Amino acid sequence: TMNYKMLIILILLGLAVLFIIQNVAIVEIQFLFWATQMPRSLLMFILLAIGVIIGWFLHGYIKYRKDKSR
């Protein structure tokens, strides 16, 4: 029997692969005088990673400030 964790991991992996396959179109990103091209799925992954990192740092900073005030 396959346990539920493995089944959920396989479903999420399948959805991730499907997402990547459906978003292979190349998009151009421009910022000031800088421009680059990359697949849409890679751009979305990079933005998600940046958001997670910012959230992690903000959470740590807020926790540090709260502990410091006590």
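Charges only on Cβ, +1 for Lys and Arg, -1 for Asp and Glu: so what's the dipole of the chain about the Cα centre, in debye to the nearest 20? Please list the in-between numbers first.
Working: 7 positive and 2 negative charges, 114 e Å.
Rounded to the nearest 20 debye, it is 540 debye.
I want the local charge near G60. Using Cβ-Cβ distances under 13 Å, sum +1 for each Lys or Arg and -1 for each Asp or Glu among the other residues. The partial results should precede the final answer.
Details: positive: K63, R65, K66, K68; negative: D67.
That sum, taken over residues with Cβ under 13 Å, equals +3.
Cα-based Rg (one decimal) and Dmax (whole number) for the chain, in Å?
18.6, 56
Relative contact order for the chain using alpha-carbon pairs under 8 Å, separation at least 6, rounded to a whole percent? All intermediate terms of the calculation are to be shown ahead of the outcome.
On the way: 26 pairs, mean separation 12.6, N = 70.
Reported as a whole number, the value is 18 percent.
Karplus couplings for the stretch 36-52 from phi (6.51 cos²θ - 1.76 cosθ + 1.60, θ = phi - 60°), rounded to Hz, Gly and Pro as x?
Taking θ as phi minus 60°, the curve returns 8, 10, 7, x, 4, 5, 5, 4, 5, 5, 4, 5, 5, 4, 4, x, 5 Hz for the stretch 36-52.
Kindly provide the helix-only [θ] at 222 nm of the chain, computed as the sum of -39,500 (n - 2.57) over DSSP H runs of four or more divided by all residues, to the nearest 500 deg cm²/dmol?
On the way: 2 runs with 49 residues, N = 70.
-24500 deg cm²/dmol, from helical runs alone.
So who's got an amide H within less than 5 Å of the one on M38, skipping anything under 5 residues away but keeping other chains? H placed 1.01 Å off N, in plane.
V27, I29
Read-outs: derived from the displayed coordinates by stated rules, not from any lab. On a predicted model such as this, the values are computed, not experimentally measured, just so you know. Glycine also receives a Cβ, built like all others from the backbone with ideal geometry; neighbour counts cover every protein chain displayed.
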